[in-house]
Amino acid sequence: MEPANGSKMPRKTGLQRAIDTLGGSQNAFAKALGVHRQSVAYWLKHRVPADRVIAIEKLTGVPRHELAPELFADYKRDSGR
């Protein structure tokens, strides 16, 4: 579905998909990870830190190559996922 102005809706990032799996709340997501909501907001604008990717993958099921493609671009191809 496209917005009324005809522009395409932005594709959700892996991190936004992960947040959505826990109900869509940055607060709930941050609490589940044991971080501040401000950290999650920062990650949405920049990128997920490497040391958080695996924990997010385990918590939400969103694959690491979607959370941090710059770090795990080959993971999908190599693992057969």
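For the reader, a short list of remarks on this structure follows.
- Applying the condition of being in contact with a helix residue (DSSP H, G or I) (Cβ under 8 Å, 6 or more places away or on another chain) and either basic (Lys, Arg) or in a helix (DSSP H, G or I) (or both) to the range 13-23 and asking which residue is nearest to Glu66 (Cα to Cα) yields Gly14.
- The set of residues from the range 22-69 being more than 13 Å from the chain's Cα centre (by Cα) and not small (Gly, Ala, Ser) comprises Asn27, Lys31, Val35, His36, Arg37, Gln38, Asp51.
- Residues (crowded, with 16+ Cβ neighbours inside 10 Å and closer than 23 Å to Asp74 by Cβ) located in the range 18-63: Ala18, Trp43, Arg47, Val48, Arg52, Val53, Ile56, Glu57, Thr60, Val62, Pro63
- Filtered residues of the range 24-51 (kept if outside any helix (DSSP H, G or I) and under 16 Å from Gly14 (Cβ atoms)): Gly24, His46, Arg47, Val48, Pro49
Every number in this text was worked out from the coordinates using simple rules, so none of it is lab data. These numbers come from a predicted model, not from an experiment. All Cβ positions, glycine included, derive from the backbone under ideal geometry; neighbour counts span all protein chains shown.
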